[in-house]
Amino acid sequence: MKLLITMICCIVLIACNNTESNSTLVLQKDSTSTTVNDWALLPFIKVDSVNPVLCAGTNTFLCPVQKQKIAWEEKDVFNPAIVVRHDTLFMLYRAQDKVGKPDGTSRIGLAWSTDGMHFTRMPTPVLYPDNDAYKQYEWQGGCEDPRIVEDSSGTYYMTYTAFDGTVARLLVATSTDLLHWAKHGPAFANALHGKYKYTWSKSGSIVSTYTDGKIIATKINGKYWMYWGDKYIWAATSDDLINWTPIETTASENRLYDSVYSNFNISALKIAVPTRKGKFDNNIVESGPPAMLTSKGIVLLYNGRNVPADGDISLQEGAYTSAQVLLDKNDPTKIIDRMDHYFMKPEKPYEITGQVNQVCFIEGLAQFKNKWWLYYGTADSKIAVAVKE
């Protein structure tokens, strides 16, 4: 495997709560896993014997913008994408330095594992702000929160958030080897005469078929579909996985979901998954891993943010928990069923305390070694894993 051999030449072993390289897989059931839905991917059990599987590191690289060496993952690592390639699981993760203002510049790093629990990482990032045409979107906040699918020919498509320090925008990049990425700019740049090019956008979850470890973007009625957004979850379509067009509707239809719909240049966007008053996801809903096309519909694992005053009083202020929703595979904006209860919540010390407290943020999912592996950011500081047998 040429890719793995190349990377082994420049590895840095990870040691973060993993005292033995041959640790046994020990699972701890989340005490909140009470919801039963026959379409949902459940239960996921946290692997306490190795969590967190990735922590901040000391690697440095020469930043092309600052023209100096930067400890690019010194502050925090979190919110990874996951790809299975041949017999290896690859993690592309968000890493922050301590230099960028106000919270550090983010870059995308690459790590890999042959058992899903112990990772080796590249010493330099694979996607980062550079002196290129996309610097205006990526500097100084950086490149954040990747999600990755591939097409039928084996090309990888990454949706990621570019943050200029003021506005977050959803961008797209492609690769054939996970190491070298070609940036294509804002996902919505060419849609509707550029209407959404400068609008806040993030969290692109492309509808895909999960098969033999691969996540293959799959068309529905002749179009690729993507869920996105971090207030509500909206939808978009594409012919080529690079240029996307948001699905619009009338504001009156959106008000059926939420009477206090917030308008920041997006009132025409059709809400696919709304927030819910009185529940754990009353404040924000945000896509998780690439959405899964199944015989029963589209299964979207998502993140929900809670505000107890109008949400779940058993959860802390701002807590991010995990849930799932089933959408119609013939009409991807139509909900068929939805979990009434989260299946994962912050409860471990590294999930409760960090850069942002009370966070389990799911983003990477893979079939690997006859199990489902769900990777998530903890308190915006570390990365952990939960497994479904």
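The values are calculated or read from the model by the stated rules, or taken from the named source; none is laboratory data. Being a predicted model, the structure only gives us computed values, none of them experimental. All Cβ positions, glycine included, derive from the backbone under ideal geometry; neighbour counts span all protein chains shown.
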- prompt: Hey, any hits in segment 123-145 for a residue that's in contact with a helix residue (DSSP H, G or I) (Cβ under 8 Å, 6 or more places away or on another chain), touching a residue at least 60 places away in the same chain (Cβ under 8 Å) and either among the β-branched types (Val, Ile, Thr) or more than 18 Å from residue 171 (Cβ to Cβ) (or both)?
  reply: no
field: In segment 183-199, residue nearest to the chain's Cα centre (by Cα) [restricted to those that are farther than 12 Å from residue 159 by Cα and modelled with pLDDT of 95 or more]
entry: 189
task: Check whether at least one residue in segment 293-311 is small (Gly, Ala, Ser), touching a Cys at 6+ places or on another chain (Cβ under 9 Å) and at pLDDT 95 or above, and report yes or no.
output: no
query: Counting only residues that are farther than 21 Å from residue 183 by Cβ, part of a loop (DSSP other than H, G, I, E, B) and at pLDDT 95 or above, how many does segment 231-248 have?
result: 2
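Looking at residue 251, is it buried (at least 16 other Cβ atoms within 10 Å of the Cβ), more than 21 Å from residue 307 (Cα to Cα), modelled with pLDDT under 95 and over 19 Å from the mean Cα position of the chain (by Cα)?
Numbers: buried (at least 16 other Cβ atoms within 10 Å of the Cβ): no; more than 21 Å from residue 307 (Cα to Cα): yes; modelled with pLDDT under 95: yes; over 19 Å from the mean Cα position of the chain (by Cα): yes.
No, not satisfied.
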query: Restricting to segment 18-76, what's the tally of residues that are surrounded by fewer than 18 Cβ atoms within 10 Å (Cβ to Cβ), outside any loop (DSSP other than H, G, I, E, B) and either among the basic types (Lys, Arg) or modelled with pLDDT under 95 (or both)?
result: 3
query: Give me the pairs: first residue in segment 359-372 and closer than 19 Å to residue 293 by Cα, second residue of a type in the set (D, E, K, R) and surrounded by fewer than 24 Cβ atoms within 10 Å (Cβ to Cβ), beta-carbon distance under 7 Å, and six or more apart or on different chains, which are they?
result: 371/388; 371/389; 372/388
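Out of segment 35-94, which residues are of a type in the set (S, T, N, Q) and over 20 Å from residue 205 (Cβ atoms)?
Let us first name the residues in segment 35-94 that are of a type in the set (S, T, N, Q), namely 35, 37, 49, 51, 58-60, 66, 68, 79, 88.
Those that are of a type in the set (S, T, N, Q) and over 20 Å from residue 205 (Cβ atoms): 35, 49, 51, 58, 59, 60, 66, 68, 88.
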- request: Pairs only if they're at least six apart or on different chains, beta carbon under 6 angstrom, first in segment 179-190 and among the aliphatic types (A, V, I, L, M), second at pLDDT below 95; list them, first residue then second.
  value: 189/197
- line: residue 53 vs (1) out of contact with any His (no Cβ under 9 Å at 6 or more places or on another chain); (2) in contact (Cβ under 8 Å) with a residue 60 or more places away in the chain; (3) of a type outside the set (Lys, Arg): all pass except (1)
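Residue-wise test of (1) closer than 15 Å to residue 82 by Cα; (2) without any contact (Cβ under 8 Å) to a residue 60 or more places away in the chain.
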position: 206; (1), (2): yes, no
position: 213; (1), (2): yes, no
position: 218; (1), (2): no, no
position: 224; (1), (2): no, yes
position: 227; (1), (2): no, no
position: 232; (1), (2): no, yes
position: 240; (1), (2): no, yes
